[in-house]
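Since every read-out is calculated from the coordinates, none of them should be taken as a lab result. Here the structure is a predicted model, which is why all the values come from computation and not from measurement. Neighbour counts are summed over all protein chains in view; Cβ atoms, including those assigned to glycine, are modelled from backbone coordinates with ideal geometry.
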Amino acid sequence: MKKLLLGLILLSSMVVNAAGVVNVYTTRHYDADDALYKEFTRETGIKVNVVSDKSAVSISKLKEQGRAPLADIFMTSDAGNLAKAKEAGILQSVESETLETNIPSKYQDDENKWFGLTKRARVFIYSNDRVSEEDLEGLTYESLVTDSRWNDEVLVRSSSNMYNQSLVASFVALNGEEKTSEWVEGLVGQMARNPKGNDRVQAVAVKDGEGDIAIANSYYYGKLVNETDKTSKYYGVAEKTSLYFPNQNEGESGVHMNISGAGVVKNARNKEEAVKLIEFLSMKKQQEAFSATNYEFPVNPEAKMSDLLASWLEEQGLETVKEQDINLNLLGEYNEKALNIMIGSNWDTPKK
Amino acid sequence: MKIFKIEDGIIKFFLLALILAFIVLPISDSIPLLFTPSTPYLDVLVEKGILWEYLLNTLELVFKVGLFSILLGFTSSYIVTMYDFKFKSIFKVLLTLPLAFPVYVGAYTYSSIFYTNKWLGNIFTGKLFMEGSVFIYGIFLYPYVYLACRSYLKDNLVEYIEASKTLGKSSLETFIKVIFPLSWPAVLGSTLFVIFETLSDFAVVEYYGVGTISKVITDSWMGLGQKDTAAKASMILLFVLTVIIFSEKILRRKKRYEGISDRKIKPEKPSGLATIMIYLFLSIVVSLSFILPTYEMLVFTIAKSSYIASIDLLGIASNTLITLFIAIFIIIVISSIFASIVNQLKRGKKFFSTIAVMGYSIPSLILALAVYIFTLSLDNFIYDLFHIEWLVLMNTRTALVIALVIKFISVAFSNYSNSLAKISPNVFHASTMLRHNFLGTFFKVNLPLLKKPTKFVFIILFIDLIKELTLTYTLRPFNFKTLSTEIYRYAGNEMIEVAAIPSLVIVGICSLMIIYLELGGKNVKNRKDKL
Amino acid sequence: MLKIEKINFKYGDKKVLNDFSMEVREGERVALKGSSGCGKSTLLKVIAGLEKPYSGKLFFDGKDVTTLSPHKREFGYVFQDFALFPHLSVKNNILFGISGYKSSERKVLLKKYTEMLHIDSLLDHYPNELSGGQKQRVAIARTLITSPKIILMDEVFSALDEGLKEKVRLEILEVLKELKITTILVTHDSRDAEVLCDKIIEMYPI
C-alpha cells in the first residue's frame, strides 16, 4: 500500500521540461519583476516559471534537490544571501561577456557564481516635523548610536531580517568584531521600542511619533512615495518623512549599499536559458525599468537612475552616492557572526 | 473467499510492525544529530542566557494560555449547562466556532484590529498577555475546554449537585466545593490539548515578537540551515512537554469522576443579576473570538477582492484539497486497520494507543524536522541503490503527507477505537467462529461498523488539516502553495488584507462544518478520552 | 471426537483451569455446569480457539488442534449476548458464515434453518428490532447453517424470561436432536443441563 502510494507520488513529481523554459526560484516578490519576465518571453520565446520563497528555505531546498534541482536560477535580495547560496554549493560559474560588460566587478562574485542586478541602500528615514537641519549635520551610522539626540528614538526591524544582518556584517568587515559589538549595543540602547514589523512599518511608526528616525532600505521609501491606496496604513507616510543617506562626507565610510542578484543553479537543466535571462536583466533598458518601477539603483553603469531616485540625491546635495568599499562576499562570510552579535546584545528585546 | 486465505498471526504482526515503523522511524533518524558539536550560534544563545530566557518564556506562555483557556472555556460551559436563557442555542454554536480560525489567522487579523482600536490593544497586548500571543491562543483555542467540560458537566454531575444542595450548600459553595473539583480531570485533559496546539504553532509568537523555543528551532533550521541545533532545541521543547504531561497526570491523580446515573442536568432560569452577567460574559467572549475577527476579514476581503484572481485562489485551494484528501485517505485506511488490530489484542492495548497518540503531542516543528531528515536519508538511500536522477522525494508531497499522517492519525485512531470498543467483543469473535479470518472480519464487520464514525472523523480531520501550517510550510516541495502557506506569506509581507482572502475560505468552510456537527448533536472534539 | 488433555489456563496470576481433561464423543450433548468463576466459559473459549491455554492439548478427530486458528476449526459458537452483527439484517447475519457457497445452495440452506428455528418471518428485520428469544434463534441458526462439527453454547438461555425458558429449551433440543450435532453447553442452570444434555460435567472453581 505504501509502495503504491509511493509510485503515484513519484509519477506526479516527474518534471518534464520542454526546451525554451527557465525556472526561477526567487525571494523577490515585486510586480515589476513579472513585467520584465513577460518582456523577456516576448523577445526570446523562452517561458519563465517563477516560484517565491524565503531565502534560507530556498537555499536548503535547492541543496537537497542536489542532483536534480527544480530551479535554474536562484534570485534573491541581499548579497549575504547570494554568498550563502554560493557557500552552500548550489551555484555554478558562468562565463558571459555580456555580464562582464554590464556589471562592474564590485557587484559580482569573483568566481562568477552570482551577479548583482540592482542596488539598494540602507538609509535613514526621519520625521519632517521633529528632526531639524542641525540634527542631520554630521549624522552617520556611528553618531546614530552615540548621539543622545537619538536616545529612544530609533526604529528598526528585528534581527532575523537579512538586511540588518548584512548591515552589521558590513561593519564587521570594515571595523572588526569588537567595534561592531559596541555599535550594536549602542543601537539597542537607542531603540524606541521592541522591533516589530518590516521596514515600511518603521516609517509608519516615525509618522505616528513612536520614534524620530528609522533604518530602512531606500526602495521602500520609493514605495511609500507611490502609495495610492487611501485605506492603507502606508498612505501619507512619505509626506511626513524624508530619506537620508548617511556617511556621505569626506572620510566617512559611505552608505551600506547592498544588492539583489541572481546566479545559475548547479546542475540546472536549462543553463543556457538561465544565462540569457540574467543577461537580459543586466541590459540598460531593463536596468532602467528596475529603477523606475521598483525604486532601486541600477548596477549597469550605462543605465540612468530614475527621476525619483535622482531627486533624493539632489535634496541632500549629493552628486553621487558614496558606497561602502567592501567585497560583498564578506556579507555572507560574516553573517553568522553578525547575527550572534545582534542576538547577544538583545536586539529584539531592548525594552523588557 | 480466496483472498482472505493468509495466516492471521502473520498479517497482524506485519501490519502492526509497518504501522509502528511508520510512526517511530522518522523520529529515530534525528537522534544522531543530538550528538554533533555545538555551533557558534548555539554557543551565543547559551552563554548570553538567551536560550534560558526563551525556555522561561515558553513555560510562561503555556501556563498563561492554560489559565486563560480554562477561564473562558470552563465558565462558558458552566453557564451553558446550568442555566436556561433566550438565544442559548445560538450562543452554544457560536462558542464552538473559534475553532474554525487557525491561530495564525487570528494573530494577523487581530494585529490590525488592535491597530485601529488602540484601547483593545492596550488591554490584550501588554506584558500580561505576552504581547498578545496569550490572548490569541486563548481566545481561539478555549473551545477545546468548553466542549470537553460541557459534555462532562451535563452528563456526570446531577446527583452530586443535588446532594450538595440538599446538604444546604449555596450555589457558590456547590461550585467551589463540588462542581469545579469534580470537573478538574476534564478541565486538565482538554487544557492539555490547548497546550499541544500552542506548542505546535510557530507563526503567532513569531508575529508578535515573543521569543520561545520555537523561535530557536525555526531560526536555526530555516534561517541558518543548522538542523542539528534545531534538533537540540527540540529536545528542550520535548522535555518541557514531558514535564507538562507528567504534571497533568499527577494533578489529575488518575481520577476520572464518573456520573452515577444517566440523568442529565436540568438547566434553570438565572436571577436577574445573573442573567445580565451571563449575557455580558458570553457576548464579550463570542464577539472577541468570532464575530469581530470574521467581520474584519470580510471587510478586508471585499476591499481587496480584485486580488482574488491574481493570487490564484482556485489553484491554491485545489492544491490544498488534493493534499488534504490524500492524507485523510491514508489516515483513515491506516487507523481503521490499526484500531481493528488493537481492538482484538488481549494485552498491550494501552501501549499501542499511546504510540498512536504520540504523533499528536509532539510539537509540529519537531515532527517536521524529524520527517525532513528521514525523507532526506530515504532520498539518498534510493539514489545509492537505483541511481535514478530525477527521483527526489523531497520534491514531492511525500514528506508532508507522512508528517500529516503521523500527526493526525490519533484523531482517527481514538475515534475508531472508541467506536469499536462500544461493540461487544463477541461480535468479532462470532465472525471468527463463522470461518472469517482477520481480513475477512475487517472487511465484512469492522469497516461497515466504522462507516458512521468515519463521517465524523473525516470532518474533524478536514478541519484540522486545512488549518495546518507548521508541517505544511516546512515540508512542502518546490512551488507548492496551500491556503495556509499563502496566508503566512502574505501576512509576512505585511499584506494582511490580501491574506484575508484565503483566510476567509478556511474560516468559512470550517465554520460550516462545525455548525453541521453541532447541530447534528456531536461533540466537535472527542479527544478527551484519549489520555 | 474431541479430546481435551490437561488444559491449564491462567487469567493474569489466577489459575482458572488446572490440568483439565475430558472427552466428547460424536453426537454427544455435554453440559459444563458450575457456578461463576469455575472456568466453564474459559474452557469453551479454549475449545473454540478464542483463548490459548499455556499448557495442555486439544485433539479433534485425532488431530492436534491446540494452536489451530479459531476460524479454521469448524466449530460453531453461540454467545451469551448472541453477538448478532448490528449492521446486517437477520438474513445476512445467518448467511454470513456461508458467504462462499453457491447462491442456490445458500437459498436452500437459509430456508431450511430459518424454518427449523421458526424465524422465517424475521428475515428483513435488524437485530435491534428483535426480542431476546428471537435473537437467540437467529444466533443459533447462524451457527448451524455452517454445519459445524461441534456447536458450543455459552449460557444461551440466561437472557430469556423464566417463563419462556422451558419452551425454548425443548424447541432447541428438537433441533439439536434432528441434526444429531455434537454439543457442548455451558450453563449454571441445572434445568438447562438436564433438558438438553445426556452428559453433565460439574465444574468447581480452583
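With a Förster radius of 60 Å applied to the beta-carbon distance between C:SER147 and B:LYS455, the computed FRET efficiency rounds to 0.95.
Between B:PHE87 and B:TYR516, the C-beta separation translates, for a Förster distance of 25 Å, into a calculated FRET efficiency of about 0.80. In a DSSP loop and with at most 11 other Cβ atoms within 10 Å, the chymotrypsin sites (Phe, Trp or Tyr not before Pro) in the stretch C:18-59 are C:TYR54.
Normalising the average separation of contacting C-alpha pairs (under 8 angstrom, six or more residues apart) by the number of residues puts the relative contact order of the stretch B:141-282 at 37 percent.
Of the residues C:ILE150, C:ILE94, C:ILE181, which exhibits the maximal mean-square fluctuation in a Gaussian network model of chain C defined by a 10 Å Cα contact cut-off? Largest GNM mean-square fluctuation: C:ILE181. Pull up the DSSP beta bridges for chain C and report the antiparallel fraction as a percent, rounded to 5. For chain C, the DSSP antiparallel bridge percentage is about 45. Once you sort the root eigenvalues of the Cα gyration tensor of the stretch A:254-352 as a ≥ b ≥ c, which label holds: rounded (a/c under 1.5), prolate (a/b larger than b/c) or oblate (the other case)? Oblate, since a/c reaches 1.5 and b/c is not below a/b.
For peptide B:434-444, compute the average count of partner chain beta-carbon atoms within 10 Å of each residue's beta-carbon.
Values: counts 16, 13, 6, 4, 2, 0, 4, 1, 0, 0, 6.
Mean partner-chain Cβ count within 10 Å for B:434-444: 5.
Peptide C:67-78: average number of partner chain Cβ atoms within 10 Å per residue? That average works out to 4.
Exposure proxy for B:THR432, A:THR41: other Cβ atoms within 10 Å of each Cβ, ordered fewest to most, give A:THR41, B:THR432.
Exposure proxy for A:MET305, B:MET433: other Cβ atoms within 10 Å of each Cβ, ordered fewest to most, give A:MET305, B:MET433.
For Cα pairs less than 8 Å apart in space and 6+ apart in sequence, what is the mean separation divided by the residue count of chain B, i.e. the relative contact order in percent? Can you show the working numbers first?
Working: 613 pairs, mean separation 123.7, N = 531.
Once normalised by length, the contact order is 23 percent.
The GNM of chain A, with springs linking C-alpha atoms under 10 angstrom apart, assigns the highest mean-square fluctuation among A:GLN108, A:GLN286, A:GLN316 to A:GLN316.
Can you put C:HIS118, C:HIS87, B:HIS436 in order, fewest other beta carbons within 10 Å first? Don't jump to the answer; show the numbers that get you there.
On the way: C:HIS118 13, C:HIS87 19, B:HIS436 24.
Starting with the residue having the fewest Cβ neighbours, the order is C:HIS118, C:HIS87, B:HIS436.
Excluding same-chain neighbours fewer than eight residues apart, the lysines reachable from C:LYS10 by a Cα-Cα span under 17 Å are B:LYS346, C:LYS40, C:LYS45, C:LYS52, C:LYS57. Phi angles of the stretch B:267-274 translate, via the Karplus equation with coefficients 6.51, -1.76, 1.60 and θ = phi - 60°, into HN-Hα couplings of x, 10, 7, x, 5, x, 5, 4 Hz per residue; Gly and Pro are given as x.
Once you reduce the stretch A:187-217 and the stretch B:316-371 to the center of their Cα atoms, the two points are 46 Å from each other. Rounded to whole numbers, the Karplus 3J(HN,Hα) couplings from phi for the stretch C:152-163 are 9, 10, 10, 6, 6, 9, 5, 7, 9, 5, 3, x Hz, using 6.51 cos²θ - 1.76 cosθ + 1.60 with θ = phi - 60°, and x at Gly and Pro.
For peptide B:371-379, the mean count of partner chain Cβ atoms within 10 Å of a residue's Cβ comes to 1. Across chain C, C-alpha contacts under 8 Å between residues 6 or more apart give a mean separation that, scaled by the residue count, equals a relative contact order of 33 percent. Distances between placed amide hydrogens fall under 5 Å for C:VAL16 paired with C:PHE9, C:LYS10, C:TYR11, all partners being 5 or more residues away or on another chain.
Among the chymotrypsin sites (Phe, Trp or Tyr not before Pro) found in the stretch B:70-131, those both in a DSSP coil and sparsely packed, with 13 or fewer other Cβ atoms within 10 Å of their Cβ, are B:PHE87. The helix-only estimate of mean residue ellipticity at 222 nm for the protein assembly as shown, built from DSSP H runs of length n ≥ 4 each weighted as -39500 (n - 2.57), is -17500 deg cm²/dmol after division by the residue total.
Residues within the reach of a label modelled at A:ARG42 (point 7 angstrom out along Cα to beta-carbon, backbone nitrogen below 20 Å), restricted to the stretch A:275-301, are A:276-295. Across the cross-link table entries B:LYS92/B:LYS452; B:LYS165/B:LYS269; B:LYS349/B:LYS422; A:LYS61/B:LYS407; A:LYS47/A:LYS113, which are compared at the Cα atoms, the separations over 18 Å belong to B:LYS92/B:LYS452; A:LYS61/B:LYS407; A:LYS47/A:LYS113.
Which loop-located GluC sites (Glu not before Pro) does the stretch A:126-226 contain, where loop means any DSSP state but H, G, I, E or B and the Cβ has at most 13 other Cβ atoms within 10 Å? Before the final figure, lay out the partial values.
Values: sites: A:GLU133, A:GLU134, A:GLU137, A:GLU142, A:GLU153, A:GLU177, A:GLU178, A:GLU182, A:GLU185, A:GLU210; in loops: A:GLU137, A:GLU153, A:GLU210.
Listed in order of number, the matching sites are A:GLU137.
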